[in-house]
Amino acid sequence: MLRATIFALILGIAGAGVLIALGVWQLQRLAWKEGIIAQAEAMMTRDPVALPADPDPVADRYRAVAVSGAFTGEQTHVLTSARGAGPGFLVIAAYQTSDGRRIMIDRGFVPAAAKTAPRTARPAAVIGNLNWPDDVTASTPPYDAGRDIWYGRDVAGMAALLGTEPILVIARSDTGDGVRPQPVTSAGFRNTHWEYAVTWFSLAAVWLGMTLLLLWRIRTRTA
C-alpha cells in the first residue's frame, strides 16, 4: 500500500506541476502579446508623418504616414473576402509620390465582379499605415500571372511586379473608384493565450482530482 501510495503521489504532483507550469507560461505569453498589441495600437493611432526615407519592417511596422502624389493606374490583386460581401480582392496600386518615389498603396476591397473595373491614373493624397503583412506562408500558392491573382500580400513580389519600392501603405480612408478601405486595426491580432492558460490550469485540477481518486481507491482496496 505504501509503495502504491507514494507512486500515485509522485505521479499526481509531477503531472500537476507540469500542467501548472504550462499555464503560467501561457500567462507570461499573454502579457507579452498584450504588450505587442498595445505597442502596435499606439503606432497605428499616432498622427501621420512623412514617409520615412528607408522604412524598417520592424521599427516602422504600422506607422501612420501621409503621402501626396498620384496613382499610376498600375495595379495587382490579392484574393480575400470581406464580411457581408463574400469573396473579392484587395487592390494593390502603384503610386508615385510628389518627390518621385514609387510605392504601393493597399486601397482596400472590391467584390470579385469589380476586379477588372478601370482605375485610371490620377492625383491623390493618402493617409495610411505602413505594413509588411504576414500573409504568405510555405503553403501559400504562388502568384497566378494568367489571372493576376496573389494569394497573400507578398510585398517583395508585388513590388517587383509593379516596379516599386517594397513599401506598402494600407489606406485608412476611401481612395475612390468604388474600393472599400480595409484599414489596419488591432482586431487582426490573434491572442488566445488566456484560453490556453485556463485549459492548462483546468487540466491540472482534473489531474489532481484523479490523483485523489486513485489514492482513495488504493486506501479502500487495502482497508
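The values are calculated or read from the model by the stated rules, or taken from the named source; none is laboratory data. None of these values were measured; they are calculated from a predicted model. Don't worry about glycine lacking a Cβ; one is built from the backbone with ideal geometry, like all the others, and counts go over all protein chains shown.
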Unique residue being at pLDDT 85 or above, surrounded by 15 or more Cβ atoms within 10 Å (Cβ to Cβ) and in the same structural domain as Leu215 (by TED's automatic domain parsing) when the list is Ala8, Ala16, Ala21
Ala16
Would segment 151-173 turn up any residue that is more than 28 Å from Pro52 (Cβ to Cβ), modelled with pLDDT under 95 and out of contact with any strand residue (DSSP E or B) (no Cβ under 6 Å at 6 or more places or on another chain)?
no
With the first residue restricted to segment 43-62 and required to be under 13 Å from Gly128 (Cα atoms), and the second required to be in a loop (DSSP other than H, G, I, E, B) and polar (S, T, N, Q), Cβ contacts under 9 Å at 6 or more apart or on different chains are Met44/Thr185; Arg61/Asn131; Tyr62/Asn131
Could you grab me the full set of residues in segment 53-74 that are under 21 Å from Ala93 (Cβ atoms) and under 23 Å from the mean Cα position of the chain (by Cα)?
Pro55, Pro57, Asp60, Arg61, Tyr62, Arg63, Ala64, Val65, Ala66
In segment 23-59, which residues are over 16 Å from Arg190 (Cβ atoms) and among the acidic types (Asp, Glu)?
Asp47, Asp54, Asp56
Restricting attention to segment 23-37, does a residue exist that is polar (S, T, N, Q), more than 25 Å from Leu130 (Cα to Cα), assigned to a helix (DSSP H, G or I) and under 24 Å from the mean Cα position of the chain (by Cα)?
yes
Could you list all residues from segment 78-94 that are over 16 Å from Thr175 (Cα atoms) and assigned to a strand (DSSP E or B)?
Val78, Leu79, Thr80, Ser81, Ala82, Gly86, Pro87, Gly88
Can you go through Ala53, Ala70, Ala66 and tell me which one is part of a loop (DSSP other than H, G, I, E, B), under 20 Å from Ala159 (Cα atoms) and not acidic (Asp, Glu)?
Ala53
Could you tell me whether Asp144 is surrounded by fewer than 16 Cβ atoms within 10 Å (Cβ to Cβ) and either without any contact (Cβ under 8 Å) to a residue 60 or more places away in the chain or over 20 Å from the mean Cα position of the chain (by Cα) (or both)?
yes
What do you reckon, is Ile103 assigned to a strand (DSSP E or B), closer than 21 Å to Arg172 by Cβ and in contact with a helix residue (DSSP H, G or I) (Cβ under 8 Å, 6 or more places away or on another chain)?
no
Filtering segment 139-170 down to residues that are assigned to a helix (DSSP H, G or I) and small (Gly, Ala, Ser), which residue is nearest to Gln75 (Cα to Cα)?
Ala159
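Table: residues versus (1) modelled with pLDDT of 90 or more; (2) more than 27 Å from Ala204 (Cα to Cα); (3) surrounded by 15 or more Cβ atoms within 10 Å (Cβ to Cβ).
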site: Gln39; (1), (2), (3): no, yes, no
site: Ala50; (1), (2), (3): yes, yes, no
site: Thr76; (1), (2), (3): yes, yes, yes
site: Ser98; (1), (2), (3): yes, yes, no
